[in-house]
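To start, the structure under review is shown below, and the notes come after it.
The values are calculated or read from the model by the stated rules, or taken from the named source; none is laboratory data. As the structure is a computational prediction, the values presented were derived from the model and not from experiment. Backbone-built Cβ (ideal geometry, glycine too); neighbour counts: all protein chains shown. Protein only, heavy atoms only, side chains kept; ligands, DNA and RNA dropped before computing areas. Shrake-Rupley method; radii C 1.70, N 1.55, O 1.52, S 1.80 Å.
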Amino acid sequence: MSGSVTDTSPAVSRDEVEKLFIDIWQNILDVEVGPDDNVFDLGGYSLLVVEAVAQARKAGVRVKVLDVFEHPTPADLAGFLTPADDAPAADPVALGDLVARTWRTSATPWDATAPPALVPLLPDGQGEPLFCVHVGTGHVRFFTPIAETLRAGRPVYGFEMPGIKAAVRPFLTIAETAEQYLRELRTVQPEGPYHLTGFCSGALIAYEMAQRLRAAGEDVHTLVLAGPPVPELDPGLGLNDLFQYLLGTLHSRFGLGGPGDAPEVVRKLTDLTWFEEELKPEDLYRRTVLWAAILFAQEHYDPRPYDGPITVCMYGNQDVTAYWRARAPQADVIRLEAVTTLGLLQEQRFGDVLRGLLA
């Protein structure tokens, strides 16, 4: 057989791989699964794909998350993973080494030529600024029109991922990201009291920034976490795995089958404010690598206890109260109706909370 799918020998057959995935999905979904059943029609979704791939790898089958998204039935996936002896070799996937290529061709975030992460959103105003940290895809400028009604007359600055504007790779830890952002924050405001908020993954960065400011004896008057995530994925997943996971999400939710689909996918993503409107379709895959890096940092961050004032605003479908109360006992945890970051930030109650803290 050309290209064994397992790390053991002898190689498993197509029938064995098909049965393995039927068994895995039946166990995960708790429903009857046939060889030609589309697992997404039966209730499968991104996080469950990661679990299925992990179980298959434990059984010795080499499979990627994206393989499952592109071959959603056990029979189709087994056929893909165990091609016939006379089958033509698959064309090399240009995206296969994109993570490595992005890292090799991007500057370090410490590089003096890297653009600043700190950008003025609404620099006019009185009093200490409000500092906002970007969403998981790295951009923050979408918050400008929302901030106009929430800032209580204060200046507003945002942190965006430098890789948006130049070929700069991000840090792979929340701690390093927070430290770099604090260096830039202090160029605008050398001492407190400070006002911080962060959105989605950026909420974790804002949390770590507040930790470090308080450790330095500074007053963090306002800390609002908007939709902070909690770890959900297998901590053993590496950067390539997470890149494949995000590509699978873009494939299943937005129809990204290849570079030709990028313009339409970018349009959908910018409509949802997942990316900024200036994103070029040819940059989608590189930016997804950077998104994967933020996801890697998010999933491997272990928040230290925080004893200062803090407000946690949850999406309506989140259940993070116990997680954040265990780390920040004084947290005011508020559940909002929204299920997206943009919706949460636009909710009247979120605005009331932030304006009240900044007033």
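The single condition among (1) in a helix (DSSP H, G or I); (2) in contact (Cβ under 8 Å) with a residue 24 or more places away in the chain that ARG186 does not satisfy is (2).
Name every residue in region 280-313 that is in contact (Cβ under 8 Å) with a residue 40 or more places away in the chain and part of a loop (DSSP other than H, G, I, E, B), in order of residue number. Walk me through it before giving the result.
Filtering region 280-313 for residues in contact (Cβ under 8 Å) with a residue 40 or more places away in the chain gives 285-301, 303-304, 306, 308-313.
Matches in region 280-313: HIS300, TYR301, PRO303, ARG304, TYR306, GLY308, PRO309, ILE310.
Taking the numbered list (1) touching a helix residue (DSSP H, G or I) at 6+ places or on another chain (Cβ under 9 Å); (2) within 27 Å of ARG214 (Cβ to Cβ); (3) modelled with pLDDT under 95; (4) assigned to a loop (DSSP other than H, G, I, E, B) in turn, GLN318 passes all entries but (1). The number of residues in region 209-238 being open to solvent by 10 Å² or more (accessible area, probe 1.4 Å) and under 13 Å from the mean Cα position of the chain (by Cα) comes to 5.
In region 128-149, the residue that is nearest to GLY343 (Cα to Cα) out of those that are in contact with a Leu (Cβ under 8 Å, 6 or more places away or on another chain) and surrounded by fewer than 20 Cβ atoms within 10 Å (Cβ to Cβ) is ILE146. Taking the criterion of being without any contact (Cβ under 8 Å) to a residue 40 or more places away in the chain, assigned to a helix (DSSP H, G or I) and among the β-branched types (Val, Ile, Thr), the residues of region 11-38 that qualify are ILE24, ILE28. You will find that of ALA206, ALA175, the residue that is open to solvent by 10 Å² or more (accessible area, probe 1.4 Å), in a helix (DSSP H, G or I) and either closer than 26 Å to ALA112 by Cα or touching a residue at least 12 places away in the same chain (Cβ under 8 Å) (or both) is ALA175 and no other.
Going by the structure shown, is PRO228 closer than 24 Å to PHE131 by Cα and not in a helix (DSSP H, G or I)?
Yes: the conditions hold for PRO228.
The listed residues are ASP352, ASP332, and the only one of them that is touching a residue at least 12 places away in the same chain (Cβ under 8 Å), under 15 Å from VAL224 (Cα atoms) and either open to solvent by less than 20 Å² (accessible area, probe 1.4 Å) or not basic (Lys, Arg) (or both) turns out to be ASP332. Among the residues of region 314-321, are any among the charged types (D, E, K, R), free of Cβ contacts under 8 Å to residues at least 60 places away in the same chain and surrounded by fewer than 20 Cβ atoms within 10 Å (Cβ to Cβ)? Yes: one or more hits.
When region 246-260 is limited to residues that are outside any helix (DSSP H, G or I) and open to solvent by less than 20 Å² (accessible area, probe 1.4 Å), the one that is farthest from PHE296 (Cα to Cα) turns out to be GLY258.
Residues are listed down the side, and each one gets a yes or a no for (1) within 27 Å of PHE40 (Cβ to Cβ); (2) at pLDDT below 90; (3) among the aliphatic types (A, V, I, L, M):
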| site | (1), (2), (3) |
| --- | --- |
| PHE80 | yes, yes, no |
| PRO88 | no, yes, no |
| LEU95 | yes, yes, yes |
| THR105 | no, no, no |
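Inspect region 217-227 for any residue being in contact with a helix residue (DSSP H, G or I) (Cβ under 6 Å, 6 or more places away or on another chain), at pLDDT below 95 and on the phi > 0 side of the Ramachandran plot and give the result as yes or no. Yes.
Where strands (runs of 3 or more DSSP E) sit wholly within region 95-169, those with at least 1 residues that are in contact with a His (Cβ under 7 Å, 6 or more places away or on another chain) occupy 130-133, 156-159.
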